[in-house]
Structures are given as C-alpha cells and as structure tokens.
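Working notes, beginning with the structure itself.
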C-alpha cells in the first residue's frame, strides 16, 4: 500500500471513529433524558462575565414532565415564572407586570431547560453532542447546529442518572451555571403546575401565530 492510500485509510478510520463517538455520546445523553418522565428540584443560578465576575445570582424551583411541560420559578428579588403546558409557553415577569406568550417550538432553543422535557428525537437534528468524564461526573456538551441561537453551547453534568448541573455559554462570553438540589425523579407531578392563569391588570404580549 502506498503512502497516499495508507493516509486515506488512516483518515477514513479516524473520521469513522469520531462519528461513532459522536453517536455514542448522543445516545448516552438521550438515554439520560428518556429515563426521566418527571422531575422536581431546587436550583441556584449564577451568571458570570468572561472574567469570572458574578453578574447575577438567584434561586428557585424547577418542575418538568414529558412531553414538553415545565414550571421554572425564581425567588425574590428576581421573580420570574416560566410555564409550559407542552404547547404554549408563558413567561411572567413580576417586576414588569408583563406576560409574554409563545408557542413551544418558538421558545425551545431560547429556553434550554425545556430540553429536559422535550422531544429527544430532535436532539440529533439540532445539536452536535460530545461527552467527557471527570471522576464520577459525565459531562455532555451540546453545540447548536443553528448559528442564530442565543447561546454558543450548553453543558449538562450527570452523576449517575441524576442531573447535577447545566451551563449556558452565550456569544458574549457570559456563563450561566445552574446547580440542582433536592431532586426527585419519576415521583409524579401535579398537572396544575403546568397551567397558567394570566393575572388581572398585567400587560400581555402574545407572539403566537395568528394572534
């Protein structure tokens, strides 16, 4: 075998190895998501600038259930409530007294936490998934294939079958880290958690099609 053909063979084997590794990482990540039908947890969220200076720190609770249901509520002084019933997403800013309404598919990329309750078949269509392991933590990096997204990439940390943290890296260099605590998995959830009644007197911005 001449050097040129040998080089092509090595390159071909290398590309095949990368493809298998990518597919395996994707399958592992999807496997973690599919084991969870519902989840409740507390969280702390810290946003830092590229130099590591903390810009914002808050806490709250998260409840998710398949398919596409989520309730994300932050505590004072940064009160916000995000609710999805699987079809519609409501974003209620208490300070602004404003509710924004969007169809779920319009907000999926803007609200990464929805990945925890979304359609796993869309992972391969929308993200390139890679996997690394540090001690007992499996870390999955998701890079969106659509460059117009609001973030550069995401990271999800798992310890065993439990999600311990997720990070959002945006185009400005800011990093938002969300750490979970007190997680309960597959214990059943109250359907009322995913319903939202618009309070009287608030401004409503309805971004749904035909509205």
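For the range 163-180, name all the residues that are under 12 Å from the mean Cα position of the chain (by Cα), within 21 Å of residue 53 (Cα to Cα) and touching a residue at least 60 places away in the same chain (Cβ under 8 Å).
Selection gives 176, 177, 178.
Exactly one of (1) more than 27 Å from residue 173 (Cβ to Cβ); (2) modelled with pLDDT under 90 is unmet by residue 25. Its number?
(1)
Taking only pairs six or more apart or across chains, which ones have beta-carbon atoms under 7 Å, a first residue in the range 149-162 that is surrounded by 14 or more Cβ atoms within 10 Å (Cβ to Cβ), and a second residue that is assigned to a loop (DSSP other than H, G, I, E, B)?
What qualifies is 149/109; 152/171.
Tell me which of these residue 50 doesn't satisfy, since it passes every other one: (1) more than 16 Å from the chain's Cα centre (by Cα); (2) free of Cβ contacts under 8 Å to residues at least 60 places away in the same chain; (3) more than 18 Å from residue 196 (Cβ to Cβ).
If we test residue 50 against (1) more than 16 Å from the chain's Cα centre (by Cα); (2) free of Cβ contacts under 8 Å to residues at least 60 places away in the same chain; (3) more than 18 Å from residue 196 (Cβ to Cβ), just (2) comes out false.
Quick one: which of 115, 154, 163 is touching a strand residue (DSSP E or B) at 6+ places or on another chain (Cβ under 9 Å) and modelled with pLDDT under 85?
Of the residues listed, the single one that is touching a strand residue (DSSP E or B) at 6+ places or on another chain (Cβ under 9 Å) and modelled with pLDDT under 85 is 115.
Does residue 131 meet the test of being modelled with pLDDT under 85 and either closer than 30 Å to residue 200 by Cα or part of a strand (DSSP E or B) (or both)?
It is false that residue 131 is modelled with pLDDT under 85 and either closer than 30 Å to residue 200 by Cα or part of a strand (DSSP E or B) (or both).
Please verify whether residue 155 is assigned to a strand (DSSP E or B) and in contact with a helix residue (DSSP H, G or I) (Cβ under 6 Å, 6 or more places away or on another chain), treating the condition exactly as stated. Steps first, answer last, please.
Details: assigned to a strand (DSSP E or B): yes; in contact with a helix residue (DSSP H, G or I) (Cβ under 6 Å, 6 or more places away or on another chain): no.
In short, no.
Here is a yes/no grid of residues against (1) closer than 27 Å to residue 36 by Cβ; (2) surrounded by 12 or more Cβ atoms within 10 Å (Cβ to Cβ); (3) at pLDDT 90 or above; (4) in contact with a strand residue (DSSP E or B) (Cβ under 6 Å, 6 or more places away or on another chain):
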{"residue": "169", "(1), (2), (3), (4)": "yes, yes, yes, yes"}
{"residue": "187", "(1), (2), (3), (4)": "yes, no, yes, no"}
{"residue": "196", "(1), (2), (3), (4)": "yes, yes, yes, yes"}
{"residue": "200", "(1), (2), (3), (4)": "no, no, yes, no"}
{"residue": "208", "(1), (2), (3), (4)": "no, yes, no, yes"}
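Restricting to the range 25-57, count the residues that are under 23 Å from residue 159 (Cα atoms) and assigned to a strand (DSSP E or B).
Matching residues across the range 25-57 total 10.
Quick one: is residue 163 under 30 Å from residue 96 (Cα atoms) and touching a helix residue (DSSP H, G or I) at 6+ places or on another chain (Cβ under 8 Å)?
So residue 163 fails the test.
From 180, 196, which residue is in a strand (DSSP E or B) and within 17 Å of residue 114 (Cβ to Cβ)?
Working: 196 fails: in a strand (DSSP E or B).
Every option except 180 fails the conditions.
Counting only residues that are surrounded by fewer than 17 Cβ atoms within 10 Å (Cβ to Cβ) and at pLDDT below 55, how many does the range 95-108 have?
Taking the range 95-108 as the starting set, the residues that turn out to be surrounded by fewer than 17 Cβ atoms within 10 Å (Cβ to Cβ) are 95-98, 103, 105-106.
From the residues that got through so far, the ones that are at pLDDT below 55 too are 106.
Qualifying residue count, the range 95-108: 1.
So, residue 196, is that one over 12 Å from the mean Cα position of the chain (by Cα), under 27 Å from residue 57 (Cβ atoms) and in contact (Cβ under 8 Å) with a residue 24 or more places away in the chain or not?
yes
For the structure I just gave you, tell me whether residue 146 is surrounded by fewer than 17 Cβ atoms within 10 Å (Cβ to Cβ), within 30 Å of residue 51 (Cβ to Cβ) and in contact with a helix residue (DSSP H, G or I) (Cβ under 8 Å, 6 or more places away or on another chain).
Yes; evaluated as a whole, the condition is true for this residue.
The values are calculated or read from the model by the stated rules, or taken from the named source; none is laboratory data. Because the structure is predicted, anything quoted here is derived from the model rather than measured. Backbone-built Cβ (ideal geometry, glycine too); neighbour counts: all protein chains shown.
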